[in-house]
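Structure first, commentary second.
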Amino acid sequence: MARVTLQNVAKSFGGDRGPWAVQDFSLDIADGELVVFVGPSGCGKSTTLRMLAGLDDVTSGKILIDGRDVTALPPKDRNIAMVFQNYALYPQKTVFENMAFGLRVRRTPQHEIDRRVRSAASSLGLEALLERKPRQLSGGQMQRVALGRALVRDPDVFLLDEPLSNLDAKLRVRTREEIATLHARLGATMIFVTHDQVEAMTLGDRIVIMRDGFIQQAGSPLDLYDRPANAFVATFIGSPEMNLIDGGLMRDGGALVMRSGGLSVNLPAQSFSGAERDVTLGIRPEHIERAETSTAFELVVGLVEQIGAQTYVLGKIDGNKIRAVFARDDALRAGDRIFVNLSQEKLHLFSRESGKTLRRTSTKGENGNGRELHGQAQLRRAELQG
Amino acid sequence: MRQDWRIIGLFIGGVLVLGTIVGGPLLYSIKLSFYTAASFIDPPQWVGLGNYVKVLSEPLFWGSLLNGVTIAISAIVLQVVLGVTIALVLNRQFVGQTVVRALSIVPYFLPTVVACLITQWILDPNYGLLKSVFASFGYGMFDWGGNSTSAKATIVLVSVWIWTPFVVTCVLAGLQSIPGQLYEAARVDGAGVMKQFWHVTLPGLRSVLIVVILLRGIWMFNKFDVIWLLTKGGPLNETETLPTLAYRKAFLEFDLGGGAAVATISFLMLASIILIYLRVFPIDEAKQGR
Ligand SMILES: Nc1ncnc2c1ncn2[C@@H]1O[C@H](COP(=O)(O)OP(=O)(O)OP(=O)(O)O)[C@@H](O)[C@H]1O
Ligand SMILES: [Mg+2]
């Protein structure tokens with residue numbers, strides 16, 4: 001088991017001039033940690049993983065495993081194991097030999113190979129399949145063999161590149177749980193790549209969100225959910241997506257007011273730095289609450305989706321498209337007008353130009369961690385409506 | 001249902017065409033092997049297994065068989081080893097890859113006659129290119145065609161020259177079908193270049209190699225043109241093979257029955273070897289290695 005450090009790692013497939021697949025990637029992964037890389041297609045997740053594995057060279061930067069500089073080492077000298085997206089099982093070898101290959105290459109004694117393969121096979125439920133060839137297996141079974149091949153090696157670091165993407169929804173969830181269990185049991189350092197935010201949230205000790213080759217934010221799942229560093233992270237994490245409302249920020253006496261169309265939201269001056277004028281207000285659908293009084297916002301219901309436990313609503317508040325999640329309500333119909341409150345402590349504010357979270361001008365400085373919004377955000381109906 | 005009839009129609013048509021152009025001559029040759037005839041015009045005389053008894057008791061027959069097998073195996077081994085090596089080199093990324101790949105198949109286009117004439121022109125003991133080269137260094141010329149081993153070697157080399165591009169082309173196609181990620185998996189598993197070749201490349205080429213070796217085996221065992229053009233079976237029948245022997249008997253010694261008997265035995269041996277080969281190495285992926 002090992003600690004993994006990436007220092008300003010960058011990768012360009014076109015030499016020094018770019019385009020850059022990964023840029024300025026710095027991350028410290030603790031021993032035994034399960035880190036998930038997540039981001040949209042083409043953001044550089046696989047490239048980063050491949051550089052860690054030694055399959056791609058870094059263009060600049062350094063990679064350390066347990067303090068040892070492995071930047072220039074070939075894959076075989078890094079003691080990493082990798083699970084590929086499409087399994088990459090050796091088609092002519094049996095399941096047993098697929099798992100044993102890494103050990104054979106390292107001249108492990110036969111009895112040791114037997115022991116390790118059988119123990120991995122039993123923990124993955126593969127005992128009955130050991131003599132089969134990959135083509136005689138189902139997708140889920142191949143997936144487990146690929147995992148087993150990594151397991152028997154007892155590597156310092158496990159790298160998993162979208163290992164669940166070829167499985168159907170049910171099997172995904174089950175294999176995800178198996179991986180989590182496995183991680184808990186082995187206490188191994190694991191890096192897991194996915195573009196599925198639910199997978200990331202449920203699996204990761206820590207999530208690294210990437211876009212266009214850059215890390216957008218790294219933090220615990222709830223950290224990212226509660227305190228996104230920018231609008232991209234805010235909308236990427238959480239389902240359904242966070243509502244974003246573009247508007248203008250202005251000072252109204254002592255208070256900050258965000259205006260968008262007929263909507264006007266008062267924000268206490270001490271909550272956000274009010275330097276910017278063009279801003280985006282963010283509120284998660286689940287933080288929109290039903291209200292009784294007419295002092296609240298009026299939501300015109302457009303579309304109702306019944307999920308079972310919850311009711312999803314797509315509607316409009318003063319012309320702004322809003323998605324909301326309520327407790328189940330069988331009576332809700334399109335065209336209904338209902339009253340809602342926006343959970344005040346759960347409001348987010350982003351710069352429209354950079355997308356960055358506009359932080360409270362607090363003494364905690366710029367790192368954003370531990371930041372809490374307890375300033376009373378005042379929401380009220382716009383006087384300017386009409 | 002209509003489609004079924006079309007399929008059956010095509011099948012029957014195929015069988016008829018094949019039967020006429022392959023089965024006909026084959027049956028005629030088998031029939032001929034039970035008769036004696038000096039030419040195709042003479043009325044043939046029934047001799048039963050006489051031709052077979054005579055042919056099988058001749059040392060020349062067994063010598064020719066051995067020659068044929070020796071030449072075929074040496075040529076195939078060389079073609080496959082060379083072909084795979086060249087294909088591996090051509091499969092790497094390099095500037096001008098497309099051009100070099102295209103050029104590599106050129107010897108395959110060369111008519112056998114031309115290839116053999118060029119070889120003779122190079123190797124001729126009296127006026128050949130090599131003789132001049134040797135002479136310029138003050139050495140005498142070795143008579144390539146005068147010695148059993150060198151005569152066989154010449155035939156093998158010419159076959160390798162003409163037919164290696166075929167192997168290269170097949171293997172190059174086979175290499176494209178091996179997923180690159182298998183190599184990456186092997187590298188992560190700790191395999192070096194040789195181990196990657198043994199555990200990824202070679203198994204991936206298995207089907208291609210089985211077919212290539214089968215085809216090259218059949219063609220080499222039945223090889224007539226190169227041998228006839230280069231040595232006519234000489235010196236002293238040292239490069240005589242079953243096809244040249246059959247030809248010699250039928251058309252030079254006017255023993256049609258004997259020639260047909262040699263051809264029939266040769267056909268039966270080849271057919272049984274192919275059957276055994278395909279049992280041991282099934283082309284069908286699903287049956288491999290079970
Ligand atoms: N071999 C390559 N040559 C050139 N460009 C490449 C190569 N591999 C990846 N790229 C580019 O690098 C960028 C990052 O690719 P990468 O495969 O890391 O994305 P990813 O985050 O894994 O995406 P996905 O979720 O689709 O797998 C992409 O823009 C891609 O086009
Ligand atoms: Mg990828």
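We did not get these values from a lab; they are worked out from the coordinates using the rules stated. Quick caveat: nothing in here was measured; it's all calculated off a predicted structure. Ideal geometry is used to build each Cβ from the backbone, glycine not excepted, and the neighbour counts take in all protein chains shown.
For A:330, B:189, what's the fewest-to-most ordering of other Cβ within 10 Å of each Cβ?
Ascending number of Cβ neighbours within 10 Å: A:330, B:189.
Taking the Cα-to-Cβ direction at residue A:170 and at residue B:12 and moving 7 Å from each Cα, how far apart do the two end points lie in nm?
5.0 nm
Amide H neighbours of residue A:214 under 5 Å, counting only residues 5+ apart in sequence or on other chains, H built in-plane at 1.01 Å?
So residue A:214 has HN proximity to A:23.
Got a sec to turn the phi values of the stretch A:90-98 into Karplus ³J(HN,Hα) couplings, 6.51 cos²θ - 1.76 cosθ + 1.60 with θ = phi - 60°, whole Hz, x for Gly and Pro?
For the stretch A:90-98, the Karplus-derived couplings read 6, x, 8, 9, 6, 4, 4, 5, 4 Hz, x marking Gly and Pro.
What is the ratio of the Cα radius of gyration of the stretch A:170-233 to 2.2 N^0.38 Å, where N is its residue count, to two decimals? Don't jump to the answer; show the numbers that get you there.
Numbers: Rg = 12.6 Å, N = 64, 2.2 N^0.38 = 10.7 Å.
The stretch A:170-233 yields a ratio of 1.18.
Can you work out ³J(HN,Hα) from phi for every residue in the stretch B:167-184, in order, using Karplus 6.51 cos²θ - 1.76 cosθ + 1.60 and θ = phi - 60°, giving whole Hz and x for Gly and Pro?
4, 4, 4, 4, 5, 4, 4, x, 4, 5, 8, 8, x, x, 5, 5, 5, 5
Which three semi-axes in whole Å describe the equivalent ellipsoid of the stretch B:15-103, each the square root of 5 times a Cα gyration tensor eigenvalue, listed largest first?
Numbers: eigenvalues 418, 89, 19 Å².
After diagonalising the Cα gyration tensor, the semi-axes are 46, 21, 10 Å.
Taking amide H positions as placed 1.01 Å from N in the peptide plane, with prolines and chain starts having none, which residues 5 or more places from residue A:339, or on another chain, fall under 5 Å of its amide H?
Excluding prolines and chain starts, which carry no amide H, the hits are A:291, A:299.
State the answer as a single residue: which of B:125, B:213, B:151 lies farthest towards the positive end of the charge dipole of the stretch B:52-286, with beta carbon charges of +1 for Lys and Arg and -1 for Asp and Glu, about the Cα centre.
B:213
Mind jotting down a quarter of the surface of the convex hull over the alpha carbons of chain A, in square nanometres, one decimal?
23.0 nm²
For the stretch B:110-214, what are the per-bin percents of Cα-Cα distances with bins 10 Å wide, up to the bin holding the maximum?
Once binned at 10 Å, the Cα pair distances of the stretch B:110-214 give 13, 28, 21, 17, 17, 4.
Calculate how steeply helix A:110-123 sits against the longest principal axis of the alpha-carbon atoms of chain A, using the helix alpha-carbon long axis, and give the answer as 0 to 90 degrees to the nearest 10.
For A:110-123 against chain A, the angle is about 30 degrees.
Rounded to whole Å, give me the distance from the Cα center of the stretch A:58-84 to that of the stretch A:161-240.
Spelled out, the Cα-based centre of one part sits 22 Å from the other.
Could you tell me the calculated FRET efficiency between residue A:73 and residue A:345, based on Cβ-Cβ distance and R0 = 35 angstrom, to the nearest 0.05?
0.10
Partner chain Cβ atoms within 10 Å, averaged over the residues of A:133-141 - can you pull that number for me?
Averaged over the peptide's residues, the number is 1.
State the dimensionless ratio Rg/Rh of the stretch B:51-117 (Rg: radius of gyration of Cα atoms; Rh: Kirkwood radius).
With Rh from the inverse mean 1/r over Cα pairs, Rg/Rh is 1.24.
Under 5 Å between amide H atoms, partner at least 5 residues away or on a different chain: which partners does residue A:322 have, H built in plane at 1.01 Å?
A:315, A:316, A:317
Identify the trypsin sites (Lys or Arg not before Pro) of the stretch B:1-93 meeting these criteria: DSSP loop state and at most 10 other C-beta atoms within 10 Å of the C-beta. Mind dumping the intermediate values first?
Details: sites: B:2, B:6, B:31, B:54, B:92; in loops: B:92.
Here the trypsin sites (Lys or Arg not before Pro) that fit, given the DSSP loop and packing criteria, are B:92.
Consider all pairwise Cα distances in the stretch A:7-158 and report the whole-number % of them above 24 Å.
41 percent
I'd like the projected area of the stretch B:214-290, averaged over all directions, using the convex hull of its alpha carbons. Report it in nm² with one decimal.
6.0 nm²
What distance in nm separates the simple spin-label points at residue B:143 and residue B:82, each placed 7 Å from Cα in the Cβ direction?
Result for the modelled spin labels: 2.7 nm.
Return the equivalent ellipsoid semi-axes of the stretch B:52-286 as a descending list in whole Å, where each equals the square root of 5 times an eigenvalue of the C-alpha gyration tensor.
Listed largest to smallest, the semi-axes of the stretch B:52-286 are 36, 26, 14 Å.
Per-residue HN-Hα couplings for the stretch A:197-214, Karplus 6.51 cos²θ - 1.76 cosθ + 1.60 at θ = phi - 60°, whole Hz, x for Gly and Pro?
5, 5, 4, 4, 5, 6, 9, x, 5, 9, 10, 10, 9, 10, 8, 6, x, 10
Provide the three semi-axes, in whole Å and in decreasing order, of the ellipsoid equivalent to the stretch B:1-42 as defined by the square roots of 5 times the Cα gyration tensor eigenvalues. Intermediate results must be reported in sequence, preceding the final value.
Numbers: eigenvalues 259, 12, 5 Å².
Three semi-axes, in Å: 36, 8, 5.
What translational diffusion coefficient, in µm²/s and rounded to a whole number, does the Stokes-Einstein relation yield for the protein assembly as shown at 4 °C and a viscosity of 1.567 mPa s, taking the hydrodynamic radius as the Kirkwood radius over Cα pairs?
Answer, rounded: 40 µm²/s.
About the Cα centre, and with charges only on the beta carbon of Lys, Arg (+1) and Asp, Glu (-1), how big is the dipole of the protein assembly as shown? Nearest 20 debye, please.
My answer is approximately 640 debye.
If I model a spin label at residue B:118 and residue A:298 as a point 7 Å from the Cα along the Cα→Cβ vector, what separation in nanometres do I get?
9.2 nm
Whole number please: convex hull volume per residue of the Cα set in the stretch A:22-90, in Å³?
117 Å³
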